[in-house]
Amino acid sequence: MSKITVAKKQSLAVSQTKNFLRTVSYENGFHFYTGIGKYSGLTATSLSEFVDKLQKVSADSAVFHFRRGDFQKWFRNIIGDELVAKRIDQLQGWSDSSAENLRKDIVKALEIRIAELILIP
């Protein structure tokens, strides 16, 4: 592969990665619920805003969405970040009695991902 091809691929990868930090429209935002039809009043429109809002909603909301795979779907389909979706998929070992621990684990995974994205040249 030529140096130009490699440079173009690297540039494309960096621009796609930085795109994960963008803000999406309200309609495409993540709307936090605590149950079916029970909107919490909070919506996140970016990865960093998601972390902030996740810490404000009840831990029950984190469990509700995690069980349904909603977080992972939003990261994959709207944000386009397959890596963070896989990291959330891999969170295991929590129970209903540790909903707060689940929320903390998700927040930690997202904070690590945001730091990685910011550090990309």
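List of remarks:
- Helices (runs of 4 or more DSSP H) wholly inside segment 16-85 containing at least 2 residues that are within 9 Å of the chain's Cα centre (by Cα): 47-56, 70-74
- Test for residue 110: is it modelled with pLDDT of 90 or more, under 17 Å from residue 21 (Cα atoms), in a helix (DSSP H, G or I) and of a type in the set (A, V, I, L, M, F, W, C): yes
- Filter result (surrounded by fewer than 12 Cβ atoms within 10 Å (Cβ to Cβ) and modelled with pLDDT of 95 or more) within segment 1-34: 25, 26, 27
- Residues in segment 63-81 that are farther than 16 Å from residue 104 by Cα and loosely packed, with under 13 Cβ neighbours inside 10 Å: 68, 77.
The values are calculated or read from the model by the stated rules, or taken from the named source; none is laboratory data. Computed from a prediction, not measured in an experiment: that's the story for all the values here. Here the Cβ is made from the backbone with ideal geometry for all residues, glycine too, and neighbour counts use every protein chain on show.
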